[in-house]
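The values are calculated or read from the model by the stated rules, or taken from the named source; none is laboratory data. Because the structure is predicted, anything quoted here is derived from the model rather than measured. No Cβ is skipped: glycine too gets one built from the backbone with ideal geometry, and neighbour counts run over all protein chains shown. Side chains are part of the model used for accessible areas, which takes the heavy atoms of the whole protein and leaves out ligands, DNA and RNA. Shrake-Rupley method; radii C 1.70, N 1.55, O 1.52, S 1.80 Å.
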Amino acid sequence: MAKKKAKTQLRRWFPGRIRLSVVAAALLVFGGLFAVIHASRVPEPRSSDHLRVALPPPPRPAPARLTEPAKPPAAPATVAPAPAPAPTPAQATPPPSSSGLPAWRRFAAATPQVGEDRKLIAIVIDDMGVDRKRSQRAAALPAPLTLSWLPYAQEVGQQAAAARAAGHEILLHAPMQPQGHEDPGPNALLTSLSADEIRRRLDADLDRLPEAVGLNNHEGSLFTRDARAMAPVIDELKRRGLLFLDSRTTGASVAADAARTAAVPYAVRDVFLDNVQTVEAVRAQLAEVEAIARRRGFAVAIGHPHDATIEALEPWLRSLASRGFVQVPISAIVQYRIDHPSTAAATPG
């Protein structure tokens, strides 16, 4: 009976123990799993002291570069003062040359040696520059000629400079008012103009030919007989140190007298070569030039760049020395007149 009771009690205890064991085992399993899970979690850091993250090594500092010691700042460059503006042509005074010579001598063409028995002849060719082809033909003639350029010709300065380089002398052929209705050209000097306007126009023309030794009149049969109109022309020539050649387009011209009174160097035309434009007529006029030069010692002839004039002049100029004459520029005639004052009064009218 006692065994049966114990056995009954055992049956009651054992299932309970099994249940307890199972529960305990489950608790152990769950506890182990919890511990594993808990151990595998990374705890949230509480501060940066607890953070242990592998970072790349800091960059190595670049080696210091060797540089030259700083140079002291350079002194500021000296700036040359700007040149003063050039005066206007009406105010300008031609600068004196190093030799002190006036412009008419400074820009004179070379003159051949002249013996006492040689007679001087100056050939002046007017109206240069407008007809460029014939002007070039004239400039190709034997030097030294005196070439007088119309100021309104295109590129007149370049044309004249080329002729001067070839040995010729340069004049301004200044347009002046004629007696009749002929048109002397733009910027002409008129008797109706004020003295200031005459100077302004003359300065503008002279400035186009900076190496001219002076001027002679283009047309001007009315202007050159007017002493009041000629006065500012002569004054300007004197101020610039230039000479005057009176073309004598009228027998009533007072221009030469005005130049003489003002002590401006001057000369006067003796012969026109080509009023008749044929070779025979020009040759006849050249013979007259020779006659005057033999009689007085010098002569001045004026022609133009016409075909007949050029054709007659070329052989005549080449044979001039064989007949006892010397071809000279107009400046040589002016100088001759200064050196031989007794011959100046013998100029034909």
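Can you tell me which residue in region 156-185 is farthest from ASP203 (Cα to Cα), limited to those that are aliphatic (A, V, I, L, M) and open to solvent by 10 Å² or more (accessible area, probe 1.4 Å)?
Applying the first criterion (aliphatic (A, V, I, L, M)) to region 156-185 yields 156, 160-163, 165-166, 170-172, 174, 176.
Next, only the ones that are open to solvent by 10 Å² or more (accessible area, probe 1.4 Å) stay: 161-162, 165-166.
Values: ALA161: 19, ALA162: 22, ALA165: 24, ALA166: 26 Å.
If we take residues in region 156-185 being aliphatic (A, V, I, L, M) and open to solvent by 10 Å² or more (accessible area, probe 1.4 Å), then ALA166 is farthest from ASP203 (Cα to Cα).
Go through (1) under 23 Å from VAL271 (Cα atoms); (2) in contact with a strand residue (DSSP E or B) (Cβ under 9 Å, 6 or more places away or on another chain); (3) modelled with pLDDT of 95 or more one by one and return the number of the condition PRO112 breaks.
(3)
Please find, among ARG248, ARG228, ARG239, ARG260, the residue that is among the basic types (Lys, Arg) and not in a helix (DSSP H, G or I).
Values: ARG228 fails: not in a helix (DSSP H, G or I); ARG239 fails: not in a helix (DSSP H, G or I); ARG260 fails: not in a helix (DSSP H, G or I).
Checking each option against the conditions leaves just ARG248.
Conditions tested, residue by residue: (1) open to solvent by less than 50 Å² (accessible area, probe 1.4 Å); (2) among the hydrophobic types (A, V, I, L, M, F, W, C).
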| position | (1), (2) |
| --- | --- |
| PRO232 | yes, no |
| ARG240 | yes, no |
| PHE244 | yes, yes |
| LEU286 | yes, yes |
| ILE292 | yes, yes |
| ARG295 | no, no |
| ALA301 | yes, yes |
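Any chance region 126-144 includes a residue that's under 20 Å from ARG248 (Cβ atoms) and open to solvent by 40 Å² or more (accessible area, probe 1.4 Å)?
Pass one, region 126-144, residues under 20 Å from ARG248 (Cβ atoms): 126-128.
Narrowing further to those that are open to solvent by 40 Å² or more (accessible area, probe 1.4 Å): 127.
Checked against the condition, which is being under 20 Å from ARG248 (Cβ atoms) and open to solvent by 40 Å² or more (accessible area, probe 1.4 Å), region 126-144 yields at least one hit.
Kindly indicate whether any position in region 164-171 is in contact (Cβ under 8 Å) with a residue 12 or more places away in the chain, part of a loop (DSSP other than H, G, I, E, B) and among the β-branched types (Val, Ile, Thr). Let's see the steps before the verdict.
Pass one, region 164-171, residues in contact (Cβ under 8 Å) with a residue 12 or more places away in the chain: 164, 166-171.
Add one more test, that the residue is part of a loop (DSSP other than H, G, I, E, B), and what stays is 166-168.
Retained after the next criterion (residues that are among the β-branched types (Val, Ile, Thr)): none.
For region 164-171, residues in contact (Cβ under 8 Å) with a residue 12 or more places away in the chain, part of a loop (DSSP other than H, G, I, E, B) and among the β-branched types (Val, Ile, Thr): absent.
Quick test of your reading of the structure: VAL282 fulfils all but one of (1) over 23 Å from SER331 (Cα atoms); (2) open to solvent by 20 Å² or more (accessible area, probe 1.4 Å). Name the failing condition by number.
Unmet condition: (2).
What's the number of the only condition in (1) within 19 Å of ARG105 (Cα to Cα); (2) buried (at least 20 other Cβ atoms within 10 Å of the Cβ); (3) of a type outside the set (A, V, I, L, M, F, W, C) that THR309 fails to meet?
Among (1) within 19 Å of ARG105 (Cα to Cα); (2) buried (at least 20 other Cβ atoms within 10 Å of the Cβ); (3) of a type outside the set (A, V, I, L, M, F, W, C), the lone unmet condition for THR309 is (1).
Residue check, ILE198 against (1) in contact with a Ser or Thr (Cβ under 6 Å, 6 or more places away or on another chain); (2) not in a loop (DSSP other than H, G, I, E, B), all met but one. Which one?
Answer for ILE198: the failing condition is (1).
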